[in-house]
Structure formats: structure tokens, C-alpha cells
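Below is one structure, written out as C-alpha cells, with a few remarks after it.
Derivation of every value follows stated rules applied to the coordinates shown; laboratory data play no part. Please read these numbers as outputs of a predicted model, since none were measured by experiment. For neighbour counting, all protein chains shown are included, and Cβ atoms are generated from backbone atoms with ideal geometry for every residue, glycine included.
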Amino acid sequence: MTELERPDVGLEAGQTLAPRSAEAITTEERTQLQMIVKRFLRHKVAVASLVMFVLIVLFAFAGPLVWKYDHTINRQIPSDQPPSWDHPFGTTRAGQDVMGQVMRGTQQTLKVGFLVALLATGIGATWGAIAGFYRGRVDAIMMRIVDVIIVIPILVVVLVLAGFTRGTTWFSVALIIGLFGWTSTARVVRGMVLSLREQEFVEASRAMGAGDGRIIFRHLLPNTAGVIIVDATLVIASAILVEAALSFLGFGIQIPDTSLGLLIQNAQTAVFTRPWLFYIPGFFVILIVLTINFIGDGLRDALDPRQQMVRR
Amino acid sequence: MLVYVLRRLVVTIPVLIAATFFTFVLVDVSGDPLQELRFAVPPVPEETIQARAEQLYLDRPTIERYWLWLTGVGNTRGDIGILQGKWGPSTQGAMDIGQEISERFIITLRLVGAATLFALGLAVVTGVISAVKQYSITDNVLTFFGFLGLAMPTFWLAALIKEAGIWANQNLGTNFATIGATSPLYYRMEGWEAFMDVVLHLVLPTLTLMLTGYAAISRYQRASMLEVLNSDYIRLARAKGLRNRVVMRRHALRTALIPVVTLAALTVSAALTGAVITETVFRWRGLGTFLTQSIAEYDAFAVMAFLVISGVLVVGANLVADLLYGVLDPRIRYD
Amino acid sequence: MVTDPWPDTDVLLTVEDLTVEFPTDDGVVQAVRGVSYELRRGEVLGIVGESGSGKSVSSLAVMGLLPKTARISGSAKLQGRELLGLSDAELSKVRGNKIAMIFQDPLTSLSPVYTIGYQLAEAVLAHRDVPKEKAWDRAVELLDIVGIPNPEQRANSYPHELSGGMRQRVVIAIAMANDPDVIIADEPTTALDVTVQAQVMEALNNARQETGAAMVLITHDLGVVAGTVDRICVMYAGKLVETGDVDQVFYGPRMPYTLGLLGSLPRLDATRSHRLTPIVGTPPSLVNLPSGCPFSPRCPIVQPICIQEEPELFSVGVDGQLAACHFHERLIGAQPVDLFPPTTIDEELAASYEEAGAHDDAAHEETT
């Protein structure tokens, strides 16, 4: 059978059959960090919240350095004044400048929040990573312990401990909350580690002689960073609310120090008579927790690679 | 099904007991109930302190105390042992813990029940609406208020609502019940009048807990509903020619509600915490104020009593939620 | 005179210049860019293309099943009646009744909380006013037709209790329930094992014969298409690039992409001299389409005009075959190897097979 004549399809002599990749034309190269940042910046609310949060932190920590009044009683301060130029947040009956109080209170509240986040992340991530990595018996026991802690609502256990030890500095309050506040982090990290450990890089590390500790801390945990960060924002927010409730009930930070919860407790009956005493501290608590939640939301979307591209 | 329930109980009861043990140790280690006595001025005689310690079983090692508290076995006075129905001696004068608990339990249960119900209800409604109108103004507004509810301290809102109620009563002639779980003359009321009295007193605290508690669940419901709405079987239901309303009701909603059931336990836990706070603000004589009061008085056994009850409530809610889940989702079968 | 909204015409479905766009955070995704085709009574039309070619989206647009964010323009007429822009109430009467659709993944197509009997009866009750028992009987009957054993019992099962193949057959049964005129099957076998695929295709054919419906078969698998369809449309980057009789297109392709597709098909009956000719590169982003012909970045015979001007569908050959290539004349009689470099092979290995083959031939000759 004769060969059919090959048609002239127009391939020029020497033309290489290696056309440009479609991707090279249409996409830019970006590093992962750049992509995360870009995705975060798309959430206007999250970005605005981040700015707001930074402002609050400055207010709480740098404020007392520049503002003339602190949170203590000062005989020169007129009592029961509504907000004015001299005292932008007003004054209390006892003669304290509310702005100074709110600065201090916010500072203490934030300190508690950050320390709790640190503790919770440290304890929780390690706990969860170990449980997820070893699985089996170890996992079962460790997670049972978590279950036991979760049975009791956190405020209750914190109340009991704070009440019985009379721990009243921000540090002791933070310790107490942090002691029990790591359970969500543990669960979340455990989940991630359980799925990560199935991936090949774990096998590869082991083949290169890495011990368990090295694998957990150098390889697995860094990959859970995103999840941990998002969880940390939730922890800070909830820690702040717990601390505020604790102070409100009289078991947390107490006189002579102050906290936003304590300020609100003192102003309970003044809601309509001297509203600045009640609304301003409350507003601060709400603002702090709100901004942290929005930031966490933005982070979650930015770190999630399974982002859908549907526009509003 | 019964086998499943029994199996679950076998697993959760040890957890409950472990929880009580761990809190018992915590309580024991953290505070000395006799502190005030020891540092009292003028000084109290040693014998008095010793007698008091004996009465409160503080002269025994922690483990033994726990054993006594739990079982009451090996005890001659007969005033201790949870499993025997005895709650232990109180540091608060002549108070009988068991008596107090039984009186206060119903009161708190009403609040926790109503709060859970309404919070769940509001959460489902807002979550579903948010999902169906995703990205619309309604969605954004609802989501914002949800975030606000999450950020708002319960005690702050409680104080606000209470003062607002008082103000409204004075200036608008309304009749909100702002103090207590019932009116002072409640014990004389019967039937409908008594019922309405209870309801009226529930309004403001339940409103507080509902507004602060619904947000987390609402977001979950929204996510669940969105997942269902984007699923293939909803598309197929539409392709069959079913009207949108039918698809929503019969297919989307039915399936999207299921995961929320699992959150019931969390809601009860949150409602309990909320109850502690709102009872304080609205001055209810419930388990919440019982807790704060007992902590202030270093009453270890009273605190333990509270913990046992709250633990049982949470674990019970968990169990009920699991069973309900199995009923609603045919993919789960407990045999 | 009352005009029948569904006159008895020969051409059932006419799609004209259908365009679908999705606004996203990264830009506007042009999923479908001016697609036109016709479906006649009793015929099977195959729509072939890679993921992202727009083949599924175009059918979803016809059924009105796209999300609200989609911007659709053009026309899709069923028996002369325009479907695009109809209200939910109007469209509900058409869906599942005149046009039915079968989706790709049987694992997720059925609602997990209702029995399959219920879901089948629901399809019937959506369009016929019959008592529930009759609908249930019809459901059992349909299960029988698609070949599900023990239909009376099975009707009470939940979808998760059935295998993938059986679930897909239930979906086919649902599509058949009201004797539709058109059945659109969107990648019905893609999610299934090869052995099950044949069963499902057979069930699909039965459904077609039982209902007398015309069918649109969407797939990326040319093998599935070969034995089943009458006419074929090849889609790339949201547009039709070749269309015609299935034999014409298979044996006389006139667009480089079609040639590439055919050359990428592994064949069990291939000889050693028949090698795979894969197409290099990937389909273009639908947000940032290259200018001119969308296939130009990957086309071996690309010329400057290809980048300047997007080719329209030229009439080639006979009988309505159309191809979108400026140089379709050069492709008469072309084979995939003429355009695309064949896969390289291990020379030594091939040589060893040659030897073994010669040895076998020799041995075979001796025995005969």
C-alpha cells in the first residue's frame, strides 16, 4: 500500500513545535506571602480593623505617656463632669479622669489578651501537634483530657480559680485564663497535623533521619501557622471578654488597678444619669473585640487557598 | 439506639467524673476556706479552727476528701457523698446545699432553656436569610449585627437592657420586670397569673442572652446553608422543575439545619455562662448567683455542686444533640 | 386561535450566539463566547472540550441553572420558544418536563436525606397532577427501566446505600420521568469507573429510546462520543472551533485543536508506529484571553494573522462541517503527527520488542 502524500500543513522549515505556554502570557509570578497579603488587602473591613486596632494599642500603651492624667483619684479633678475639652471622656464621682482610666483599663485588658494568646498558642499547638502526630493511644488520652476541660464552661472554671486564689493582677488573671483557654487551639492544630502527616514531606524527612521532635517542630508546625494565627485572634477576643466578665463580677483585676470590666461595673446604675461612664468603656471593649474578629476573618480568607473567585 | 445511648454514657460518665476530680483538686489547691478565721482579729482559738476544719473535712488529704465527696463511703456523719444524693457541708452558715440547689435549679433552667431556644431560633433565621441573600445589603447588615453581638460583653448589654427597662417603666409607663426571677408576691399566685409572672420576668434576661448568643451559631448556619445551596443536589432539584420555594424548603433548609443540631451542647454551655452573668445583673435567685456567692465564701462543696449540675446539663445536651443528629441524617445510623 | 407554545417542529433546540460572563475579583471570566448550535428531533449531539472550554456552562445557561451573578446574552430557543430570561415559574414548567439534565457526579447529585423513590416520585409530581401512590408506582417502574434490580425494595433506599453506577442510573431515571423532548447529559460517565461507564451509557441509550428524546452529550472523552453521537461540536476557550457530522470530524478534522485532540487519544488497537501526539501547553485563562485565535499560543502552524484576527467558523468540506481556522484548507487529509511532535520513545526498548516480534512471527510461520 502506498503512503498517502503528506499534505503541506505550512510548517516552516526549522520552526520549532514548542509554542509559548499559555500561562506565561496571562499570569504574573507571585510568592505565597505576597498572595496572602494581597488577599488580605482585598478585605477593606479587615484592613480598616487592623488600622483601628493599631490605633487602640497606641492609645493604650503610648497614651499614658502623653496624657496628663492617669487612672487614679486626683483631688484637682472636678467630679461627675460630662466629656469636655479638659476631660474628653468625662470624670467620675470620686474625681478620676475617665480617659486616663480607659487608657489604663485598655492596657490591662490588652495585656491579658496577648499573654493568654501566647500561652494558649504555646500549650495548645504543642498539645495538638503531639496528639495529631502520634495518633492512637496518645491521641486518645490527650484528647480525652481536652474533653474533660471543655465540659466546664471556661468562665466558670476561671471564676472558681480566680475567686479562690484571689488572683487580682493582670498577670495572674491571664495565667488562669491561659491555663484553660488552649483547648480550641489544640483541636484545630491536631486536625491540621492529622492531615499534614499523611503528606510525603514527612516521609522524606524521616528518610533523611529526622527525629520525631524535629519533624513536629520544624516541619509540621510551621505549616499550621495559618490556622494557628486565625485561632489566636479568636482566643484573644474571647480572653478579653472573659477577663472583662471576671472583673465585672469582682473576681478579676481590682482596685487600685483598673480594667474595662471594672469600670463598667462601677457604672452600672449610671447608664442614664452619667452615660459617659457606662458607654465609653463598653464601647472600647466592643471595638477591640470587633476589630480583632474582623482581622481574624480577613486572615482566614487570606490564608485559605481554596478561595472561590465569585465576586459580590 | 438504646445500645448506642448506653455506650455513649459509658464513655461520657468517666469524663464527667474526671472533670469533677480536676476541679475539686483545683478548688482544694487554690484556696483555704479557713483563711478568714485564721487571720481574724481578735484571733480565734485554735480549737474552733480545728473543729471547723473537721466539719468541712479539711483535715483529710485531698484524695480522701474527693472520695468522700463523690461517694460518701467511709463517712459516719452522713452529710456527704454525691452519689448518695448528699452535697456536703457548706461554709455559708446553716445553708443546706441540696435545698438551695433544688430551689434555684428550676429558676436557672427556665432561663437557660428560653435563652437556648430563642438564640437558636434567631440564629437559624438570620443564618438562612444571610445565605440566601449572600452578599446583599441584608446579608451585610445581618452579618455586622452578628459580629456586634459576638463582641458585646454580656454583662454590658444586660446592664443596658435593665436600665433601659427601668427608664421605660418610669417614662413610658411600660411594665418590664427588671428585678428577680419572680415578683415578691409570687408565692401567692396560681395558674395563669403565676405563669405570666414568670414569663414577664424572663423577657429582659432572655433578650440579653439571645442577642449575645445567637451570632456564633448564625455564622455557622449561614456557612452550612451556603454549602447546601451550592451543592449538586440542589441544582438537580431545580433541574427537575421544582419551584424555587419548594427547593429551598424541602431540600435546602432540611439538610442545612442538621449540622446546627450538633451545636446545641455549645449553646447550653454558653447559656449557662450567660446565666451566671445575667442572674447577677437582674438579681435572680438562681444557680448563677449561687456560684458567685459560694466562691466569695470559699464554699468548696457548694461550688462543686454547681459544677456537677452544669456538667450534667452540658453532657446531657451533647447526648441529646447526637441522638437528634442520627434521627435527622439518614447517613448516620447507630447500630 | 390559541397558539401552542410547543409546536411540533423538527429542530428542537436552537442556540444562537450564546454568551456567558462571570464577574470575579480577578476580572471578568468569559466562559462562553458566542456559541451557536442546533439540535434536531431524535439526534444525538456531542459537545466535546477540555475543562474550562465552556461546554457545561453553555448547557447550564440553556437550563437557567447558572448562579445569579452570571451575565447571559444571546438566545436559546426550545421549539421556537425563548428560554433565556424566563421567570422561575415559567422555567420550572420546562425543566424536568421538556428538557431534562443529568449531571456529572452521581455521589452529590442526589439529596442525602430522602429516599430515591421519594426523589423520583417528586420529579413526577412536579409536573403531573397524580395521586402519590401513582407517582410512587411510576418511580418503581422507572427504576426497573434503568435496570436497577429489586426496584420495589430499592425505592426505599437512600442514595448513600447505592453504588456510583446505580446512583447515576437513578439520575437518568429522574431525567426520563416525564418523557422529555431533550435530555442534556453533562459528563455522565466522567466520575465513574470504566466498567461502570459502559453500563451507564447503555442506560442512557435506553432512556433515549424509551422517551424518543434528542440528546446533548457533553464530555471530554472522545471515546465515549465516538460510538454514540450523530453530530459533534468541539469547543475551546468558550467558542465552537469545529462542528459537523461525527464521521466527518473524526476522519477529516480541519482545525489544529481537533487534530490534537484526536492524536491524544490512546487506542488499544494501535500499532507500534501509531504514537500519541500530545498538545503542549494548557488552555488559556478565560479572564485574560490572548488576542486573535485562542489556540494560537499552542498551535504549531500559527501565523501572524492568527494572533491578529480570531477566525470565524468557516464552511469546510460538505454537509455543514464548520471549522474555525484560517488555514483549514491546509489541513485536508492531515494526520495528528503532521502537526504535533509524537511522544519520544525508548529506542532500545522499541528495538527489543521488534526483535521479539520478529521472533514470534518466525515461530508462528513455522507452525502454520
- Taking every residue in C:332-340, how many Cβ atoms of other protein chains lie within 10 Å of its Cβ, on average? 3
- Sorted from largest down, give the three principal axis spans of the alpha carbons of the range A:121-227, whole angstrom values. 52, 25, 21
- Work out how much length C:Glu43 to C:Asn288 would gain on full extension: take 0.36 nm times their residue separation and subtract the Cα-Cα distance, in nm to one decimal. 84.6 nm
- According to a simple spin-label model (label point 7 Å from Cα along Cα-to-Cβ), what is the distance in nm between C:Asp144 and A:Asp212? 6.2
- Note on the structure: Inter-part gap, Cα centre of the range C:30-73 to Cα centre of the range C:186-214, in whole angstrom, is 20
- Under 15 Å, Cβ to Cβ, from A:Ser49 - net charge with Lys/Arg +1 and Asp/Glu -1: +1
- 10 Å beta-carbon shell around B:Met95, net charge (K/R +1, D/E -1): -4
- Message: I'd like the FRET efficiency for C:Glu50 and C:Glu354, computed as 1/(1 + (r/R0)^6) with the beta carbon distance as r and R0 of 35 Å, rounded to 0.05.
- Response: 0.50
- Task: Evaluate 2.2 N^0.38 Å with N set to the residue count of the range A:31-82, then give the Cα radius of gyration divided by it.
- Result: 1.92
- Note on the structure: CD proxy, 222 nm, chain A: helix-only mean residue ellipticity via -39,500 (n - 2.57) per DSSP H run with n ≥ 4, per residue, nearest 500, stands at -20500 deg cm²/dmol
- Message: Can you tell me the convex hull volume per residue for the range C:39-198, based on C-alpha atoms, in Å³ to the nearest whole number?
- Response: 136
- Message: Suppose every Lys and Arg Cβ carries +1 and every Asp and Glu Cβ carries -1, with no other charges. What dipole size does the protein assembly as shown come out with about its Cα centre, to the nearest 20 debye?
- Response: 4040
- Task: Pop a pseudo-label 7 angstrom from the Cα along the beta-carbon direction at both C:Asp17 and B:Glu46 and give the gap in nm to one decimal.
- Result: 10.7
- With a ≥ b ≥ c the root eigenvalues of the C-alpha gyration tensor of the range C:215-340, is it rounded (a/c under 1.5), prolate (a/b larger than b/c) or oblate? rounded
- Query: Tell me, what is the percent relative contact order of chain A, built from C-alpha pairs under 8 Å that lie six or more residues apart?
  - Reply: 23
- Query: Size of the dipole of chain C about the Cα centre, Lys and Arg at +1 and Asp and Glu at -1 on the beta carbon, nothing else charged, in debye to 20?
  - Reply: 1320
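With a cap of 12 neighbouring Cβ atoms within 10 Å, and only residues DSSP puts in a loop, list the trypsin sites (Lys or Arg not before Pro) found in the range A:48-139.
Those satisfying the criteria are A:Lys68, A:Arg75, A:Arg93.
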- Please turn the phi angles of the range A:113-130 into ³J(HN,Hα) values with the Karplus equation 6.51 cos²θ - 1.76 cosθ + 1.60 (θ = phi - 60°), one per residue in order, whole Hz, x for glycine and proline. x, 5, 5, 4, 4, 4, 4, 4, 5, x, 5, x, 5, 4, 4, x, 5, 5
- Message: Could you tell me the calculated FRET efficiency between C:Ser163 and A:Val57, based on Cβ-Cβ distance and R0 = 56 angstrom, to the nearest 0.05?
- Response: 0.45
- Label zone at C:Asp247, where the point sits 7 Å out along the Cα-to-Cβ direction: the range C:322-340 residues whose backbone N lies under 17 Å: C:322, C:333
- Under the Karplus curve 6.51 cos²θ - 1.76 cosθ + 1.60, θ = phi - 60°, whole-Hz ³J(HN,Hα) for the range C:296-309, x wherever Gly or Pro sits: 3, x, 10, 7, x, 10, 5, 10, x, 5, 5, 7, 7, 10
- Peptide C:61-73: average number of partner chain Cβ atoms within 10 Å per residue? 2
- Message: Along each principal axis of its Cα atoms, how long is the protein assembly as shown end to end? Whole angstroms, biggest number first, please.
- Response: 124, 72, 67
- Message: I'd like to verify something in chain B: which complete DSSP H helices, judged by Cα projection on the helix axis, reach 27 Å or more and average at least -1.0 on the Kyte-Doolittle scale?
- Response: B:2-30, B:97-132, B:191-229, B:300-328
- Message: Under the rule of at least 5 residues apart or a separate chain, name every residue whose amide H is placed under 5 Å from the amide H of C:Lys239.
- Response: C:Arg33
- If you count, for every residue in B:283-291, the Cβ atoms of partner chains within 10 Å of its Cβ, what is the mean? 1
- Long-range amide H contacts for C:Cys233: which residues qualify at under 5 Å (H placed 1.01 Å from N, peptide plane, sequence gap of 5 or more or a different chain)? C:Gly46, C:Ile47, C:Val48
- Work out the charge dipole of the protein assembly as shown with +1 on the Cβ of Lys and Arg and -1 on the Cβ of Asp and Glu about the Cα centre, then indicate which of B:Leu242, B:Ala131, A:Ile176 is farthest towards its positive end. A:Ile176
- Calculated FRET efficiency, B:Val25 and B:Val73, Cβ-Cβ r, R0 22 Å, to nearest 0.05? 0.70
- Taking 7 Å along the Cα-to-C-beta vector as the label spot, tell me the C:Leu276-A:Ala140 distance in nanometres, rounded to one decimal. 4.6
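Any idea what the dipole of the range A:136-213 comes to, in debye rounded to 20, about its Cα centre with Lys/Arg Cβ at +1 and Asp/Glu Cβ at -1?
Roughly 300 debye, rounded to the nearest 20.
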- Message: Using amide H atoms built in the peptide plane, which far-off residues or other-chain residues are under 5 Å from C:Val316 H to H?
- Response: C:Gln321, C:Leu322, C:Ala323
- Local electrostatic count at C:Ala324 - Lys and Arg +1, Asp and Glu -1, tallied over other residues with Cβ under 10 Å: -1
- Query: Ordered by residue, what ³J(HN,Hα) values in Hz, to whole numbers, does the range C:51-60 give under the Karplus form 6.51 cos²θ - 1.76 cosθ + 1.60, where θ = phi - 60° and Gly and Pro are x?
  - Reply: 5, x, 6, x, 5, 6, 4, 5, 5, 4
